[in-house]
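Report on the following structure.
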Amino acid sequence: MSFSYGEKEIISSLSVSFPDTGLCIILGKSGSGKTTLLSLLAKTLVPTKGTIQSSFSSKPGIVYQSPLLLDYLSVIDNIALPLRALGKYDEEKCLSVLKEVGLEGKENQNVSTLSGGESMRVSLARALVLDSEFLLLDEPTGQLDEKNSANIYKIIKDLSKERLLILVTHDEKNAFELADYLYEFKDCTLKLKSRKETIPCHSLFKKEVKEKGHLSLRDALYINSKFIKRRKWRVILTSFFTAFSLVVLFLGIAVKTGIPDFLTSLLNTCYESQVVEISVKKSIATIGHVTLEKYDVPSTNVLSSLGVNETYPSLNYFLPDNGKVDINNREIDVLFSPVIKEDRNKISKGEGISSLGVVINASFLEECSLNPEKAIGKKITVSHSFIMKASSLQESDIIHMDLTFTIKGISKEKNTFNQATVYYDYRKMSDLLKTKHLVNISSELDEELSVYDLISNPKYQGEDFCSRKTLAFVNDPYLLKEKTLHEYGEKVKVSSKVLDLKESTQSIADSLIQVLLLFLSLTLISSFMLEFLSVYSLYEENLRLFSLLRTYDEKKKSRNILAVSTSMIFILITFLFILALSFTSTNIFNRILVLNNYPSLFNGNNLKILLLVLLLSIVISIPSAFFPLMKIKDKDIKKELEAEE
């Protein structure tokens with residue numbers, strides 16, 4: 001057999017046979033290749049040339065220069081590691097080898113409290129627990145005093161009566177005294193220096209039977225929980241940051257999906273939320289690629305197809321959507337909104353509309369700096385002049401109205417996303433328009449006509465004084481708008497105060513949430529990087545465990561299962577934080593909204609979003625646990641096993 005590190009030859013044309021039992025000791029200078037030879041015998045290194053054959057049916061037990069104990073495990077858990085790595089944990093076997101090395105009764109003691117000699121005996125017991133037929137020992141007494149060294153040598157000598165022990169040491173005195181076969185590693189090969197008696201060497205052509213099995217997930221969780229327990233704050237803080245990022249994402253998505261229903265519930269508190277304006281788009285003329293269009297009153301066929309059977313002429317020409325009123329010697333901009341069917345349950349103070357009374361909202365109070373108690377009974381004055389002119393008539397009339405409204409009530413609607421509004425009685429206003437006579441037009445048509453007669457006449461529906469739209473009272477304005485868009489697209493327009501507010505508010509909310517979600521996606525990347533670095537630092541601190549597992553499981557299955565257990569621990573802690581933070585935050589937000597008389601924003605429909613967020617935590621944790629494995633290099637494992645600083 002030969003072996004080289006690159007161009008540097010360590011072992012050259014070595015041929016040697018070891019006996020089935022006995023103590024073989026190898027002497028040699030530091031760096032001569034003794035440890036490399038043991039690594040080759042342990043199959044952690046592969047010869048550059050030649051082969052190593054064994055008549056033993058098991059892999060060797062290995063004792064390293066340093067005890068290489070895991071300080072977060074007890075004595076018995078350290079001894080059980082090879083058995084756990086192969087999925088063959090046996091407590092009785094662990095206690096038996098513990099007794100064999102003279103540490104009976106110390107099984108539950110933490111290894112950090114052991115002396116140097118006791119630690120080495122635990123390491124020796126760990127090598128024996130697999131019932132290996134031969135042991136490889138790399139300077140087991142190199143860090144011990146004379147007394148502890150003597151104890152270890154006695155145990156080693158006793159063990160060699162039933163198995164083969166190959167020991168590397170600098171201790172020439174004890175080597176000559178104890179060795180059955182004494183070798184010196186010199187000039188890249190082994191030279192026999194002495195032997196006490198002839199020990200038969202059996203045939204070496206029997207194929208080695210490898211141990212089968214790997215670390216179970218249960219054992220991996222047990223070992224990992226012991227290790228992470230001492231680093232719990234790092235794991236907890238990392239999981240909390242990941243959970244916090246995911247919960248903010250959950251809230252963002254929940255708000256995005258809940259805003260439509262929230263706005264609908266909020267805007268339904270408007271005093272007259274069921275009155276809509278319907279108009280139809282008509283082409284006037286086309287010049288080249290340019291088409292001139294206008295909105296007009298819809299036909300009965302359009303209204304019938306939409307399920308609207310009863311309509312009312314629009315009065316916006318006389319009380320425009322956006323007008324000005326005088327109150328408290330101040331002129332403010334307001335929205336005039338007609339009330340066709342009054343719902344007094346939507347009044348917070350005062351009474352409903354009567355005579356020329358009106359109902360105002362909270363935004364109106366805020367605009368004119370009035371408190372609700374002082375607002376009731378206040379007068380609102382509106383002065384407005386308009387011209388009644390039809391394209392089919394020669395004559396026209398100018399009508400002037402000086403209106404004084406008395407505030408009779410205040411609606412329950414919030415001023416959030418709202419504007420100052422005056423709600424007036426549509427029928428009372430219609431009756432008032434019936435009293436406004438058209439002198440000139442009546443003279444031309446030779447009949448007594450009022451303003452209302454003209455606007456209610458189908459012949460004049462396309463005129464400006466009809467506002468080119470019609471009013472309707474519907475149970476569900478949102479459903480009507482969806483149905484209109486589905487059947488007519490942009491050709492028919494359905495609008496109202498609540499529909500316009502919802503559309504504009506929804507657009508603003510969507511834009512803000514898109515920016516928020518973009519920010520949150522960056523936060524999630526940061527969470528992934530943080531968890532990756534946290535796991536990587538844990539793996540670095542636990543490199544000894546990965547190194548030891550490598551000696552028992554060459555296919556690295558145990559290492560992968562250890563990564564799975566790490567991700568499961570992070571997932572579990574993150575899950576708990578996500579559930580706690582999500583339920584707490586949604587309940588707090590909903591409680592604040594309800595206390596301020598707003599509808600709830602979060603509901604049971606958010607369960608699907610929560611499940612998605614929980615799935616995302618798994619997506620983050622699993623790669624974060626496996627990617628750091630790529631950073632564990634064979635050279636790092638070799639250094640750890642050789643106890644090199």
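How far is helix 116-128 tilted off the main Cα axis of the chain, in degrees rounded to 10, range 0 to 90? So the inclination is approximately 90 degrees.
Axis angle, to the nearest 10 degrees, between helix 91-100 and the longest C-alpha principal axis of the chain: 40 degrees. Electrostatic bookkeeping for L182 treats Lys and Arg as +1 and Asp and Glu as -1; over the other residues with beta carbon under 11 Å from its beta carbon, the sum is 0.
Going highest first, how would you order 302-314, 24-36 by mean Cβ packing within 10 Å?
Final packing ranking: 24-36, 302-314.
The relative contact order of the range 38-172, computed from alpha carbon pairs under 8 Å that lie at least 6 residues apart in sequence, is 31 percent. The Cα center of the range 526-562 and the Cα center of the range 613-641 differ in position by 6 Å. With contributions of -39500 (n - 2.57) from each DSSP H run of at least four residues, the per-residue ellipticity at 222 nm computed over the chain stands at -14000 deg cm²/dmol.
Take the Cα of E9, step 7 Å toward its Cβ, do the same at D500, and the gap between the two points is 9.5 nm. Computed over the chain, relative contact order equals 17 percent, with contacts defined as Cα pairs under 8 Å that lie 6+ residues apart. Run the paramagnetic zone check for E146: 7 angstrom along Cα to Cβ, then residues of the range 87-124 with backbone nitrogen under 14 Å. Label zone hits: none. For the chain, what proportion of DSSP beta bridges, expressed in % and rounded to the nearest 5, is antiparallel? Antiparallel bridges make up about 70 percent of those DSSP assigns within the chain.
Taking each of K282/K491; K226/K631; K193/K639; K147/K639; K106/K638 in turn, the alpha-carbon distance tops 19 angstrom for K226/K631; K193/K639; K147/K639; K106/K638. When you filter the trypsin sites (Lys or Arg not before Pro) in the range 525-623 for DSSP loop state and at most 11 other Cβ atoms inside 10 Å of their Cβ, you are left with K555.
A Förster radius of 41 Å combined with the Cβ-Cβ distance from L579 to E373 puts the calculated FRET efficiency at roughly 0.35. For the range 59-133, GluC sites (Glu not before Pro) meeting the loop criterion (DSSP other than H, G, I, E, B) and having at most 16 other Cβ atoms within 10 Å: E104.
For the range 324-398, the set of GluC sites (Glu not before Pro) satisfying both a DSSP loop assignment and a count of at most 13 other C-beta atoms within 10 Å is given as E351.
Remark: the Cα gyration tensor places the chain in the prolate category, a/c being 1.5 or greater and a/b exceeding b/c. Each other residue within a Cβ distance under 12 Å of R330 adds +1 if Lys or Arg and -1 if Asp or Glu, for a net charge of -2.
Simple spin-label estimate for D510 and D187 gives 8.7 nm between the two label positions (7 Å along the Cα-to-Cβ direction from each Cα).
Legend: distances between Cα atoms for K49/K157; K408/K469; K256/K324; K374/K414; pairs beyond 27 Å are K49/K157; K408/K469; K256/K324. Taken along the Cα-to-beta-carbon direction at a fixed 7 Å, the label points for L615 and T406 span 6.3 nm. By a straight-distance test (C-alpha under 19 Å), which lysines pair with K88 as possible cross-link partners, with residues fewer than eight away in the same chain excluded? Hits, sequence-local ones excluded: K59, K210, K212, K555, K556, K557. The relative contact order of the range 204-359 comes to 15 percent, based on Cα pairs under 8 Å that sit 6 or more residues apart.
No lab work stands behind these numbers, since they all come straight from the coordinates. Here the structure is a predicted model, which means the values were calculated and not measured. Note that each Cβ is placed from the backbone with ideal geometry, even for glycine, and that neighbours are counted across all protein chains shown.
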